[in-house]
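First comes the structure, then the notes that go with it.
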Amino acid sequence: MYFYKTATQPSFFMTIFKHLIQIFISLSTFCSLFTLIISIFNFKYFKGYYVPLFALFVVSFVADVINSILVALVISTAPVYHFYTLFEFELLVLFYWTYFENTNSRKVFMITGLIFPIIAFIDYRINGLFNLDILSSSTEALILILFSLYYFYLNIINPSNEKITNHSTYWVNAAILFYFSGNFLLFLFGNYLMKNYVTYYAILWNSIHSFFNVIYTVLVSIGIWKLRKA
Amino acid sequence: METKEGLNITILVAIAAMGILLIVFIVVLLVVIYQKRMLASQKKVTDLEKKHQKRLLDASLEIAEAERQKIANNLHDDIGIIFNVLKLNLSRLKKNIHKPETVDKIIAESNTSIDNSLDIVRAIYSDIVPPTLKMAGLIKGVNEMCKQLSTSAGIEIGFATNREYIDFDKTVELQLYRLIREIINNTIKHAKPVKMAIDIRLVENTVTFTLEHDGTGITTAKIKELAVVSQGLGLKSILTRSELINASLEFTIPSSSQALVVLRMLLPANE
């Protein structure tokens, strides 16, 4: 009797998990819009290095709108991601390049910014426009994880006199680190999973990507809000 | 089979993502904790520094006040009394102006009083700015002081040095002189020695003052304890002056019949 019940009906935890995924998917849909609205409200507090971030929020919102239209028309969204990854990386590198203006590491940001379009092009040649851009997105994730860790490293060796949690950039970097490290495996095995286990990949994308997207949005929003007190 | 494999991979990726989430969370949290600790330790150091500076300032003011008080007492008790005597002598002179013998006596008395007051003024001046120190420098000044103290305190004080003259900054020289005087006076007062040997050496850029005596010795740890509880100004003055000129002080008891006070000070390279 008990076996019959568990085999046919989802358990309590499974139901909660499904609801949670559903909540994250719903929240994730409005993430880019939410970040954009927060940025517009706080735009007057934006310093130089926040301008590339603002541009990124605009690009994210536009990409989400295009994606929604393509999904409605039952057209693959993969080409959008090819371009989005490129823009996202360049704008985030520009953010780091502007932020670390007085350090010796600026050349590294500039070189990666210049090399990345080549990686994106190689990705396009290998995977084509209608497959996921796994090479460029996983490379992007890896580089941005390193950049955000570098930010934390610099804050450890040269601690400022103010609490780090009062720094807007701390939250933005935490957001970048959470988002790209959390999604790194999804980016890396994207095409393999999609080709062989498309249903499971959809579950993974909807749960993991949505979850980290919500975390990213919350942390970035805190970071932008902190600019008011800076 | 494919479904089971897909499920396994999905679970694996999900677990790996959660593992990464945990690691990232720990990294971000550690940065906050580390920075918080750094700020707390920096604040502690700054507070200690401020406290130390305040203590130093308080002690300096106390010493300066005590010195002013000493000068005021000398002026009031010694010079004041002499002026009162001179005033009385003038009154006596007015009354006895027609008595030449008495007048001569009063003038002789007054001359002696004026000579005494001049001696007192010289003593006060030499106490504030020792003439030997001013003219011949620290080595000669300390040597002179040893001779005077040897006579006044009845203690055998030997003096040795490897230099005839050391070119100090004048302010530092005066502070160092007063510090040495305070150390010797305190040793005579509290250690009650019979013999003392003083040695001043300049080796490379380090000036070392060593006081060896056969009285009751004391250790640096005990000195630090006393500095907290003691109300006396002598010890405070020694510690404050040594900090003001960045000198290190060491009190040791190598044997039952020997105690040492060693003061070391680094001179700037060009001196």
Item checked: Test for B:V32: is it in contact with a Ser or Thr (Cβ under 7 Å, 6 or more places away or on another chain), more than 14 Å from every other protein chain (Cβ to nearest Cβ) and β-branched (V, I, T) -> no
Next item on the list: Search the stretch A:9-29 for residues that are within 14 Å of A:N213 (Cα to Cα) and pair each with any residue that is surrounded by 13 or more Cβ atoms within 10 Å (Cβ to Cβ) and of a type in the set (F, W, Y) when their beta-carbon atoms are under 7 Å apart and the residues are at least 6 apart or on different chains.
Entry: A:F24/A:F211
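Here is a yes/no grid of residues against (1) part of a helix (DSSP H, G or I); (2) under 20 Å from A:N67 (Cα atoms); (3) without any contact (Cβ under 8 Å) to a residue 60 or more places away in the chain; (4) among the hydroxyl-bearing types (S, T, Y):
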position	(1), (2), (3), (4)
A:L114	yes, no, yes, no
A:Y124	yes, yes, yes, yes
A:F130	no, yes, yes, no
A:S137	yes, yes, yes, yes
A:I143	yes, no, yes, no
Check: Would you pick out the residues in the stretch A:184-230 that are more than 9 Å from chain B (Cβ to nearest Cβ), crowded, with 19+ Cβ neighbours inside 10 Å and aromatic (F, W, Y)?
Finding: A:F187, A:Y216
Notebook entry, point to check: Can you tell me how many residues in the stretch B:114-145 are loosely packed, with under 14 Cβ neighbours inside 10 Å and not in a helix (DSSP H, G or I)?
Noted result: 1
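Just to be sure, is A:F121 out of contact with any His (no Cβ under 7 Å at 6 or more places or on another chain), of a type in the set (F, W, Y) and away from chain B (no Cβ under 14 Å)?
Details: out of contact with any His (no Cβ under 7 Å at 6 or more places or on another chain): yes; of a type in the set (F, W, Y): yes; away from chain B (no Cβ under 14 Å): yes.
Judged against the criteria, A:F121 is a match.
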Note to self: Return the pair list, or none, for Cβ contacts closer than 9 Å from residues in the stretch B:225-251 that are of a type in the set (D, E) to residues that are assigned to a helix (DSSP H, G or I), at least 6 apart or on different chains.
What the structure shows: B:E243/B:H52; B:E243/B:L56; B:E243/B:A59; B:E250/B:T220
Item checked: Test set (1) farther than 30 Å from A:K195 by Cβ; (2) within 14 Å of chain A (Cβ to nearest Cβ) - B:V24 fails condition number -> (1)
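Looking at this structure, is B:L86 more than 39 Å from the chain's Cα centre (by Cα), within 10 Å of another protein chain (Cβ to nearest Cβ) and assigned to a helix (DSSP H, G or I)?
Numbers: more than 39 Å from the chain's Cα centre (by Cα): yes; within 10 Å of another protein chain (Cβ to nearest Cβ): no; assigned to a helix (DSSP H, G or I): yes.
No, not satisfied.
Considering the stretch A:133-174 alone, what residues qualify as being of a type in the set (G, A, S) and more than 10 Å from every other protein chain (Cβ to nearest Cβ)? Break it down stepwise before answering.
Taking the stretch A:133-174 first, the residues of a type in the set (G, A, S) are A:136-138, A:141, A:148, A:160, A:168, A:174.
A:S136, A:S137, A:S138, A:A141, A:S168, listed by residue number.
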Next item on the list: Restrict the check to the stretch B:204-226 and report whether at least one residue is of a type in the set (S, T, N, Q) and crowded, with 18+ Cβ neighbours inside 10 Å.
Entry: no
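A short reminder: the numbers here are calculations on the coordinates, not readings from a lab. Source: prediction; values computed, not measured. Heads up, the Cβs are rebuilt from the backbone with ideal geometry, glycines too, and the neighbour counts pull from every protein chain shown.
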